[in-house]
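The values are calculated or read from the model by the stated rules, or taken from the named source; none is laboratory data. As the structure is a computational prediction, the values presented were derived from the model and not from experiment. FYI the Cβ positions are ideal-geometry reconstructions off the backbone, even for glycines, and counts take in every protein chain you see.
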Amino acid sequence: MDMPEVIPVCYCGNPAKLNTSWSNDNPGRRFFGCKKFSSAFRKPCRFFSLFDPPLTPRLRVVLLGLLKKVKSLEDARKRERRTWILVLIAAVIHG
Ligand SMILES: [Zn+2]
């Protein structure tokens, strides 16, 4: 992973944190945000600065397709595990 040479300072005076966005508009795109933003900070500062250049439309489509595939595989695995647990419970009860 390439690291930024200069870390921006957010509105509350702390060095900003490099995060990765997983939104549909910017999958995998990194941005700087306030490191207190996600915590229960009373008045979160809205510092936001993009680090990576924008994705090409083609790359965005490819990435979103991959994300969708990963999610469906994970869902299938969860369903499978649940089925197995039910089979085991039935075996214990009736066995
Ligand atoms: Zn801040």
Return the residue satisfying two criteria in turn: it lies in segment 6-19 and is within 16 Å of the ligand (Cβ to nearest atom) and without any contact (Cβ under 8 Å) to a residue 12 or more places away in the chain, and of such residues it is farthest from L50 (Cα to Cα). G13
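Could you check segment 52-67 and list, in sequence order, the residues that are in contact with a Phe, Trp or Tyr (Cβ under 9 Å, 6 or more places away or on another chain) and either modelled with pLDDT of 90 or more or over 15 Å from A16 (Cβ atoms) (or both)?
L67
Does segment 20-39 hold any residues that are within 14 Å of the ligand (Cβ to nearest atom) and either among the hydrophobic types (A, V, I, L, M, F, W, C) or modelled with pLDDT of 90 or more (or both), and which are they?
Within segment 20-39, the subset within 14 Å of the ligand (Cβ to nearest atom) is 31-39.
Within segment 20-39, F31, F32, G33, C34, F37 qualify.
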